[in-house]
Amino acid sequence: MPSTYTSNGGIEKIGQGEQSGAWGTTTNNNFDIIDRLTNGVGAITLSGTTHTLTTSDGSLSDGMYKVLVLGGSPSGTNTITIAPNDADKLYFVKNGTSQSVIFTQGSGANVTITTGKGAIIYADGAGSGAAVIDLTALFLNSQAIDGAVIGGTTPAAITGTTITGTTITASTALVPDASGGADIGTTSLEWGDVYIADDKKIYFGNDQDVSMEYDEDGTNTLLVSGDITMADDKKLYFGTGKDISLEYDEDGTDTLLISGTDVTIADDKKLYFGTDKDVHIEYDEDGDNVMVLSGGVKFADGATDVDIASHDTSNGLKLGGTLVTATAAELNYSDGVSSNIQTQLNTKVDTAGTALDISGTTMSLETDFLSNSSSAIGSGTASSYTASGSPTFISGKNTSTSTATFTVTVGGSGNTLDMGDGDSGTYDTFATFLPVGGSIAISSGTFSYVAVKMIPG
């Protein structure tokens, strides 16, 4: 009868009458298989993301090793499939790769072994639904270790859900498994008192942005480094009986609300505003016995009034220490003045310093109200002239003895000035006043002229 093979190790069971003359070769091969199954250590080289660990009938194969030392360079998490799926297997595994490995045999449970870790696993050989189980995880489950010291040159990590003891001493630090990965206490199991030594800090934030410290070697106060935010409508109380509270009243007045009693600032102490203390308020008791405001003051736009109730001829508004004696009604006479008052007055003053006399319907002008400046006069020869900058008086004559007419244009409308005297042997003359932009032009040829600009003095 033909040979058969063991279910889990693939050892050949020689059939009766089989392998005449070769029986010993098969037996020796079976001994090699048995040796590998019981004590064999196999180096398994992984690549990519998949690998098949096969137990072959009657021949040495990687799936027969008892101890699997995984190496190679997988490109990612490598899935190792145990074949065939109906073979029971027991492996001691060391993952020496830089990636995690997953052992699977069927659609049942799998076992993941992370890089640098090891495990004892078995495959149940249940066919398509076969599962792989991690025996290592079961060794200490629900068991106690008594009378032993866990330590050494490189102490092992203790992982579990609960560590119970009277006192747990940490020689360096008590840390979570990851940043933000563990809590101290729970909603139902709160810690009692917490004791922090002098000048030691409680830090907050991944970058330790805020700290809290009892500053014993400095100010002997609780020192908070960083901003503190109070939620809307929550109170900061002072006094054993909560006599005074400080609150941002968001659901009420939208203001900072101090409740309980008055707030007192001692003599000659300042209330500062700004990062660089740019502005402060102080009751200057050791000086003028007045409230001193140092820095600029700006009243926001809106329905805002500043009422100096005591303003009269004896008290009230002072500028540079001088009492303003004008009343509100008198100051209101300047209402509607669009520019500096002195500037407006200066426009009514001539070069001699005498103000123009304006009264009722009469305006008197000084005799030198026009500028007597060399820049006001000009002359030349041209076919046309346009007044610019100031109104201009211009006079002149044509430069030939032929009869000429002159066109005066003001506001885009032109009128002809015929200065011909009927004598073709003489020059035709003209004299006219031009507003700014007005012009005069000769009908032909050119004219010589003198122009005087009417510049205010």
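If we scan segment 18-36, do we find a residue that is surrounded by 13 or more Cβ atoms within 10 Å (Cβ to Cβ), in a loop (DSSP other than H, G, I, E, B) and touching a strand residue (DSSP E or B) at 6+ places or on another chain (Cβ under 8 Å)?
no
Restricting to segment 391-430, count the residues that are touching a strand residue (DSSP E or B) at 6+ places or on another chain (Cβ under 6 Å) and of a type outside the set (Ser, Thr, Tyr).
Residues in segment 391-430 being touching a strand residue (DSSP E or B) at 6+ places or on another chain (Cβ under 6 Å) and of a type outside the set (Ser, Thr, Tyr): 15 in total.
Report the residue count in segment 195-222 for those that are in contact (Cβ under 8 Å) with a residue 12 or more places away in the chain and among the aliphatic types (A, V, I, L, M).
Number satisfying all stated conditions: 3.
So, of the residues in segment 267-311 that are touching a Leu at 6+ places or on another chain (Cβ under 7 Å) and closer than 22 Å to VAL324 by Cα, which turns out to be surrounded by the fewest Cβ atoms within 10 Å (Cβ to Cβ)?
ILE308
If only one of ASP276, ASP233 is more than 22 Å from VAL297 (Cα to Cα), without any contact (Cβ under 8 Å) to a residue 40 or more places away in the chain, outside any strand (DSSP E or B) and of a type in the set (D, E, K, R), which one is it?
Just a single option satisfies the conditions, and that option is ASP233.
Among the residues of segment 292-325, write down those that are under 25 Å from LEU271 (Cα atoms) and among the acidic types (Asp, Glu).
Those that are under 25 Å from LEU271 (Cα atoms) and among the acidic types (Asp, Glu): ASP301, ASP305, ASP307.
Return the total of residues in segment 181-207 being within 23 Å of the chain's Cα centre (by Cα) and closer than 29 Å to THR162 by Cα.
The qualifying residues number 4.
Looking at GLY147 and the list (1) surrounded by 13 or more Cβ atoms within 10 Å (Cβ to Cβ); (2) at pLDDT below 85, which single condition is not satisfied?
(1)
Name the one entry in SER107, SER47, SER73, SER59 that is surrounded by fewer than 20 Cβ atoms within 10 Å (Cβ to Cβ) and without any contact (Cβ under 8 Å) to a residue 24 or more places away in the chain.
So the residue among SER107, SER47, SER73, SER59 that is surrounded by fewer than 20 Cβ atoms within 10 Å (Cβ to Cβ) and without any contact (Cβ under 8 Å) to a residue 24 or more places away in the chain is SER107.
Rundown of residues vs (1) of a type in the set (Val, Ile, Thr); (2) within 55 Å of the chain's Cα centre (by Cα); (3) over 22 Å from ILE133 (Cβ atoms), yes/no style:
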residue: TRP23; (1), (2), (3): no, no, yes
residue: ASN29; (1), (2), (3): no, no, yes
residue: GLY40; (1), (2), (3): no, no, no
residue: LEU46; (1), (2), (3): no, yes, no
residue: GLY72; (1), (2), (3): no, yes, yes
residue: THR81; (1), (2), (3): yes, yes, no
residue: GLN105; (1), (2), (3): no, yes, no
residue: ALA109; (1), (2), (3): no, yes, no
residue: ILE120; (1), (2), (3): yes, yes, no
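List the strands (runs of 3 or more DSSP E) that sit entirely inside segment 410-457 and contain at least 3 residues that are over 22 Å from SER373 (Cα atoms).
Ranges flagged: 413-418, 439-442.
Let me spell it out: the conditions are (1) in contact with a strand residue (DSSP E or B) (Cβ under 6 Å, 6 or more places away or on another chain); (2) under 27 Å from THR38 (Cβ atoms); (3) not in a strand (DSSP E or B), and GLN99 meets all of them except one. Which number is the exception?
(2)
The values are calculated or read from the model by the stated rules, or taken from the named source; none is laboratory data. Source: prediction; values computed, not measured. Cβ coordinates were reconstructed from backbone atoms using ideal geometry, including for glycine residues, and neighbour counts include every protein chain displayed.
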